[in-house]
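The values are calculated or read from the model by the stated rules, or taken from the named source; none is laboratory data. Predicted, not measured: the structure shown is a model, and the values here were computed from it. Positions of Cβ are generated from backbone atoms using ideal geometry, with glycine treated the same way; all protein chains shown enter the neighbour counts. All accessible areas refer to the heavy atoms of the entire protein, side chains included, with ligands and DNA or RNA removed. Shrake-Rupley method; radii C 1.70, N 1.55, O 1.52, S 1.80 Å.
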Amino acid sequence: MTALIAEDGIFNQEVLQLLLEVLNVESIVANNGKEALDIVKSAQKIDLIFMDINMPIMDGESATIEIRKYEKEFKLQRIPIIAASASVDEKYAAKLLSIGMDDVISKPIMSEELQSIVEKHSTQGGSYVYDAQKAAQTLRIPQELMEELLKKFVATLDNELTTMLRLAHEKDYVTLRQIAHRLKGSAGNLKITPMYESFVEIEQSAKLNENVDYDNLIAKISNVNKDLKKF
């Protein structure tokens, strides 16, 4: 896995590179948003982007918008973009999601939060592996029961996601939030972490009536669900 670090601070670059190295993630550095955009256009394999917000020449928001335009124009796979900032409140985080970012991580970046972010977004492309044994042990229930609960949840989720997508397009954020809240609880109980976190994002954004990229969030959940069907 290779991460692109778009950051103009040399110290921050080095710290993030070291933290990623511990997680066995290779990294390359861009000193501003323009360099990050050029690297994406160079066709280097990038699996994840950490995007600083305030950078010279081209800031993180502008770079994200341009990267999404480029991906759409050439029908490329979407690269998860993580906003990195020292101060992001709930409203601003929702704005960042609405312009095409996928997540937000706070500075200074802590190793535990970074690991969670990397694990969450490394599921893109169908690589999620569910650990039923670990989930069963955490909940202190038999593994057979955990697997049965998982199968029931997976079997009904596609219809739920179709409904959520329709509600997002209709901007019925009240109902969308209610469904996301319910499914968040189920995913959390089953210890499906990346799915749980995506439902949290949908619930929070819908609560604020924010028109974020719900298509992408729901697609992420759908991809995880496809992998769970193989379990």
- line: Counting only residues that are assigned to a loop (DSSP other than H, G, I, E, B) and within 12 Å of residue 162 (Cα to Cα), the stretch 208-226 contains a total of 0
query: Tally time: how many residues in the stretch 80-92 are buried (at least 16 other Cβ atoms within 10 Å of the Cβ), of a type in the set (A, V, I, L, M) and without any contact (Cβ under 8 Å) to a residue 60 or more places away in the chain?
result: 4
message: For the stretch 10-31, give me the residue count where each residue is surrounded by fewer than 12 Cβ atoms within 10 Å (Cβ to Cβ), within 21 Å of the chain's Cα centre (by Cα) and of a type outside the set (D, E, K, R).
response: 2
- prompt: For residue 214, which of the numbered conditions (1) free of Cβ contacts under 8 Å to residues at least 40 places away in the same chain; (2) buried (at least 22 other Cβ atoms within 10 Å of the Cβ); (3) of a type outside the set (Val, Ile, Thr) fails to hold?
  reply: (1)
task: Give the residues of the stretch 174-207 that are hydrophobic (A, V, I, L, M, F, W, C) and surrounded by fewer than 17 Cβ atoms within 10 Å (Cβ to Cβ), sorted by residue number.
output: 174, 200
task: Being over 20 Å from residue 85 (Cβ atoms), touching a strand residue (DSSP E or B) at 6+ places or on another chain (Cβ under 9 Å) and part of a helix (DSSP H, G or I) is the filter here, so list the residues in the stretch 1-31 that pass it.
output: 21
- prompt: Does residue 120 satisfy the criteria of being exposed (fewer than 13 other Cβ atoms within 10 Å of the Cβ), under 19 Å from the mean Cα position of the chain (by Cα) and not β-branched (Val, Ile, Thr)?
  reply: no
statement: Scanning the stretch 123-144 for residues that are open to solvent by less than 50 Å² (accessible area, probe 1.4 Å) and either within 13 Å of residue 103 (Cα to Cα) or at pLDDT below 80 (or both) gives 123, 126, 128
message: I'd like to verify a number: residues in the stretch 65-79 that are among the hydrophobic types (A, V, I, L, M, F, W, C), open to solvent by less than 100 Å² (accessible area, probe 1.4 Å) and either part of a loop (DSSP other than H, G, I, E, B) or touching a strand residue (DSSP E or B) at 6+ places or on another chain (Cβ under 8 Å) (or both), how many?
response: 3
message: Restricting to the stretch 152-189, give me the number of residues that are in contact (Cβ under 8 Å) with a residue 40 or more places away in the chain and basic (Lys, Arg).
response: 1
- request: Working carefully through the options 152, 95, find the one that is surrounded by fewer than 13 Cβ atoms within 10 Å (Cβ to Cβ) and part of a helix (DSSP H, G or I).
  value: 152
message: Conditions first: (1) out of contact with any Gly (no Cβ under 7 Å at 6 or more places or on another chain); (2) without any contact (Cβ under 8 Å) to a residue 40 or more places away in the chain. Residue 59 passes all but one, so which condition is the exception?
response: (1)
- prompt: If we keep just the residues of the stretch 32-57 that are in a loop (DSSP other than H, G, I, E, B) and of a type in the set (Val, Ile, Thr), which is surrounded by the most Cβ atoms within 10 Å (Cβ to Cβ)?
  reply: 53
